[in-house]
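The values are calculated or read from the model by the stated rules, or taken from the named source; none is laboratory data. Every value quoted in this text rests on a predicted model; they were computed, and no experiment measured them. FYI the Cβ positions are ideal-geometry reconstructions off the backbone, even for glycines, and counts take in every protein chain you see.
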Amino acid sequence: MAAKEILITPQQSITFEEFHQLAAGILDRVVDRLPRNTVALFNNLLGRAGIKDTLVDIHCHAFTYKNIPRNFIKYPNWIPSQFVRKAAKLLVSKDFGTALDLSQSIKLVDELLRIYHDASVDELNTVVVGVLMMDMERAISGGVEQGFYGQLMEVKELVDNYQFNQGQMSVSGKSHILPFLAIDPHNKDVLHMFLSAFVEDLSIPRYPNIDYGTFQGIKIYPSLGYVPHHPLLMEIYKVCEAKQIPITAHCGGNRTHPSADKIIVSYRKFHPDGSVEDKTQSFILRGEEGDRFTKYFNRPEHWQKILKRHPDLKLNIAHFGSNDDWKLFLSTDINDRAKSGVQQTINLLEYKNVYADFSYSFYSQAHVNGIFNTLATHPFLKNKVMYGSDFYMCQIEKGTLADYYKYVKSVFGHDTEINDNFFVKNAIRFLMA
Ligand SMILES: [Zn+2]
């Protein structure tokens, strides 16, 4: 029998004390950190009404098959079970059989933009793309062809040199591609990476392949084996709140969990008297216990205890619930509604800087109509919900982006206020306000 694998939090290469000292050097104003052209574009868009020529897709991925751990397919709860066999074959073929070329980030972004260009029938002049990194190699075994280091190189290449021109649509890496750095507490260099991304005058050597100005936010993916209130993350949130660095947190789409048999999870315990204590708890991840773990770790309600301590945190609760959550929320049973991840997300949106993107949940037309009606009954949500595609996951799991985009546009596009907020302005507020 193979030796049991256990996932634990490693010692960071930088202490919390050093981290906070260096992080104090991050420029205070978001507009001073964003590229100048991006700020000008955003200010212009915020002043307009009836926007049809610009789209902000706040939730995309561009990591390549080389960044996906070899054992990922062995734990394929990220794919509906009827597709598992197909998916196994696809992973071997390295293009997932989707006619997508997964060998380079640039090719993936090209494909994304080509789809928007064709689907919008020459309406779009530009698209702003939030590219979310994934660091799966800590949680999932088997090794990767190109490590996180290589993924950073691809992101840097995208920002430095990418250019898309087709018809009247033009997208440039420097102004329109806004990457989010994956933060996994199981990566021992993650504090160093964070500082390298956000501190302009850094007094220690920068982490390789991370330039200042490349990243505009961070990405958290709890079911890869850490709770949102992990002690290391709590230290990072202090800085994110003070400097208004956006955080996108995967909540809802219950795709994956660590491949280890057991995991020792570190978490911060908040006592009623205000004191805190860092503790650990172990979880078994085999079979159904793994599924339960995934669902538990992705629950939006974990963020309540964090927002209570950091009420100004700029946070995007990604996916706005899973398919199951939407079924519960759209049901007539009031108890079902209350316990759904959708209701939990709506509760979080009461905080002034918390947003939710609709990637994933939108792939069912019933849910598109459901959210449109939800916006009508909860007016404050009009300023909170952002468009996201979850490209290229969507192409693999759910259907085609072209169909999705056209359908969402047809439901949301005819109400000017909802159109502008949903497809453009709410994401700008999340990124810049
Ligand atoms: Zn995603």
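Looking at the stretch 165-213 only, could you name the residues that are part of a strand (DSSP E or B), touching a Gly at 6+ places or on another chain (Cβ under 9 Å) and over 30 Å from residue 7 (Cα atoms)? Break it down stepwise before answering.
First, pick out the residues of the stretch 165-213 that are part of a strand (DSSP E or B): 165-166, 169-172, 177-182.
Filter again for touching a Gly at 6+ places or on another chain (Cβ under 9 Å), leaving 177-181.
Hits for the stretch 165-213 are 177, 178.
Scanning for something more than 30 Å from residue 261 (Cα to Cα) and of a type in the set (Lys, Arg), does the stretch 152-162 turn up at least one residue?
yes
If you go through the stretch 217-237 one residue at a time, do you hit one that is in contact with a Phe, Trp or Tyr (Cβ under 8 Å, 6 or more places away or on another chain), more than 30 Å from residue 284 (Cβ to Cβ) and not hydroxyl-bearing (Ser, Thr, Tyr)?
Within the stretch 217-237 (the criterion being in contact with a Phe, Trp or Tyr (Cβ under 8 Å, 6 or more places away or on another chain), more than 30 Å from residue 284 (Cβ to Cβ) and not hydroxyl-bearing (Ser, Thr, Tyr)), the answer is yes, since at least one residue qualifies.
Go through the residues of the stretch 401-423 one by one and say whether even a single one is assigned to a strand (DSSP E or B) and among the hydroxyl-bearing types (Ser, Thr, Tyr).
First, pick out the residues of the stretch 401-423 that are assigned to a strand (DSSP E or B): none.
No; the residues of the stretch 401-423 include none that is assigned to a strand (DSSP E or B) and among the hydroxyl-bearing types (Ser, Thr, Tyr).
For the subset of the stretch 99-132 comprising residues that are aliphatic (A, V, I, L, M) and in contact with a His (Cβ under 8 Å, 6 or more places away or on another chain), which member is nearest to the ligand (Cβ to nearest atom)?
As a first pass, look at the stretch 99-132 and keep what is aliphatic (A, V, I, L, M): 99-100, 102, 106, 108-109, 112-113, 115, 119, 121, 124, 127-129, 131-132.
Those left that are additionally in contact with a His (Cβ under 8 Å, 6 or more places away or on another chain): 108, 124, 127-129, 131-132.
Details: 108: 13, 124: 22, 127: 17, 128: 17, 129: 13, 131: 11, 132: 6 Å.
The extreme case among them is 132.
Matching residues to (1) in contact (Cβ under 8 Å) with a residue 40 or more places away in the chain; (2) within 25 Å of residue 186 (Cβ to Cβ):
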{"residue": "15", "(1), (2)": "no, yes"}
{"residue": "20", "(1), (2)": "yes, yes"}
{"residue": "26", "(1), (2)": "yes, yes"}
{"residue": "32", "(1), (2)": "no, no"}
{"residue": "35", "(1), (2)": "yes, no"}
{"residue": "44", "(1), (2)": "no, no"}
{"residue": "53", "(1), (2)": "yes, no"}
{"residue": "56", "(1), (2)": "yes, no"}
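Looking at (1) β-branched (Val, Ile, Thr); (2) touching a strand residue (DSSP E or B) at 6+ places or on another chain (Cβ under 6 Å); (3) assigned to a helix (DSSP H, G or I), which is the only condition residue 58 fails?
Here residue 58 clears every test but (3).
Please name all residue pairs, on different chains or six or more residues apart, with Cβ atoms under 9 Å, provided the first residue is in the stretch 131-143 and is at negative phi and hydroxyl-bearing (Ser, Thr, Tyr) and the second residue is within 13 Å of the ligand (Cβ to nearest atom) and at pLDDT 80 or above.
Close Cβ pairs (under 9 Å, with a partner that is within 13 Å of the ligand (Cβ to nearest atom) and at pLDDT 80 or above) do not exist here.
Residue 364 - would you say it is among the hydroxyl-bearing types (Ser, Thr, Tyr) and away from the ligand (no atom under 16 Å from the Cβ)? Steps first, answer last, please.
Details: among the hydroxyl-bearing types (Ser, Thr, Tyr): yes; away from the ligand (no atom under 16 Å from the Cβ): yes.
So residue 364 passes the test.
Would you check which residues across the stretch 32-50 are closer than 19 Å to residue 172 by Cβ and of a type outside the set (S, T, N, Q) and list them?
Going through the stretch 32-50, the residues closer than 19 Å to residue 172 by Cβ turn out to be 33-45.
Matches in the stretch 32-50: 33, 34, 35, 36, 39, 40, 41, 42, 45.
Would you pick out the residues in the stretch 306-333 that are basic (Lys, Arg) and at pLDDT 85 or above? Explain how you work it out, then say what you get.
Applying the first criterion (basic (Lys, Arg)) to the stretch 306-333 yields 308-309, 314, 327.
Hits for the stretch 306-333 are 308, 309, 314.
Of everything in the stretch 91-121 that's of a type in the set (Ser, Thr, Tyr) and either buried (at least 20 other Cβ atoms within 10 Å of the Cβ) or in a helix (DSSP H, G or I) (or both), which residue is modelled with the highest pLDDT? Spell out the reasoning first.
Step one: of the stretch 91-121, the residues of a type in the set (Ser, Thr, Tyr) are 93, 98, 103, 105, 116, 120.
Then drop every residue that is not either buried (at least 20 other Cβ atoms within 10 Å of the Cβ) or in a helix (DSSP H, G or I) (or both), which leaves 93, 105, 116, 120.
Working: 93: 57, 105: 92, 116: 96, 120: 92.
Restricting to residues being of a type in the set (Ser, Thr, Tyr) and either buried (at least 20 other Cβ atoms within 10 Å of the Cβ) or in a helix (DSSP H, G or I) (or both), the top hit is 116.
Collect the residues in the stretch 296-337 that are within 16 Å of the ligand (Cβ to nearest atom) and among the polar types (S, T, N, Q), keeping them in residue-number order.
Correct list: 298, 316, 322, 323.
Within 15 Å of the ligand (Cβ to nearest atom) and not charged (D, E, K, R): is that true of residue 340 in this structure? Let's see the steps before the verdict.
Working: within 15 Å of the ligand (Cβ to nearest atom): no; not charged (D, E, K, R): yes.
Here the answer is no, as residue 340 does not meet what is asked.
Could you check how many residues of the stretch 148-167 are over 17 Å from residue 69 (Cβ atoms) and touching a Phe, Trp or Tyr at 6+ places or on another chain (Cβ under 6 Å)? Before the answer, list the steps.
At the first step, the residues of the stretch 148-167 found to be over 17 Å from residue 69 (Cβ atoms) are 153, 155-167.
Narrowing further to those that are touching a Phe, Trp or Tyr at 6+ places or on another chain (Cβ under 6 Å): none.
Matching residues across the stretch 148-167 total 0.
Does the stretch 382-391 include one or more residues that are away from the ligand (no atom under 13 Å from the Cβ) and over 27 Å from residue 62 (Cβ atoms)?
Yes - at least one qualifying residue is present in the stretch 382-391.
Which one is surrounded by the most Cβ atoms within 10 Å (Cβ to Cβ) among residues in the stretch 16-55 that are assigned to a helix (DSSP H, G or I) and touching an Asp or Glu at 6+ places or on another chain (Cβ under 7 Å)?
Residues of the stretch 16-55 that are assigned to a helix (DSSP H, G or I), as a first pass: 16-23, 30-33, 36-46.
Among the residues that remain, those that are also touching an Asp or Glu at 6+ places or on another chain (Cβ under 7 Å) are: 16, 19.
Working: 16: 15, 19: 21.
So the residue we want is 19.
Please give the number of the condition residue 347 fails out of (1) away from the ligand (no atom under 16 Å from the Cβ); (2) in contact with a strand residue (DSSP E or B) (Cβ under 9 Å, 6 or more places away or on another chain); (3) modelled with pLDDT of 85 or more; (4) in a helix (DSSP H, G or I).
Here residue 347 meets the rest and fails (2).
Conditions tested, residue by residue: (1) closer than 23 Å to residue 235 by Cβ; (2) surrounded by fewer than 19 Cβ atoms within 10 Å (Cβ to Cβ); (3) touching a residue at least 24 places away in the same chain (Cβ under 8 Å).
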position	(1), (2), (3)
257	no, no, yes
269	yes, yes, no
289	no, yes, no
304	yes, yes, yes
316	yes, no, yes
334	no, yes, no
339	no, yes, no
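Whether any residue in the stretch 247-263 is under 24 Å from residue 426 (Cβ atoms), away from the ligand (no atom under 16 Å from the Cβ) and either more than 19 Å from the chain's Cα centre (by Cα) or of a type in the set (Lys, Arg) (or both) is what I want to check. Before you say what the answer is, go through the steps one by one.
First pass over the stretch 247-263, keeping only residues under 24 Å from residue 426 (Cβ atoms): 247-253.
Filter once more, keeping what is away from the ligand (no atom under 16 Å from the Cβ): none.
There is no residue in the stretch 247-263 that is under 24 Å from residue 426 (Cβ atoms), away from the ligand (no atom under 16 Å from the Cβ) and either more than 19 Å from the chain's Cα centre (by Cα) or of a type in the set (Lys, Arg) (or both).
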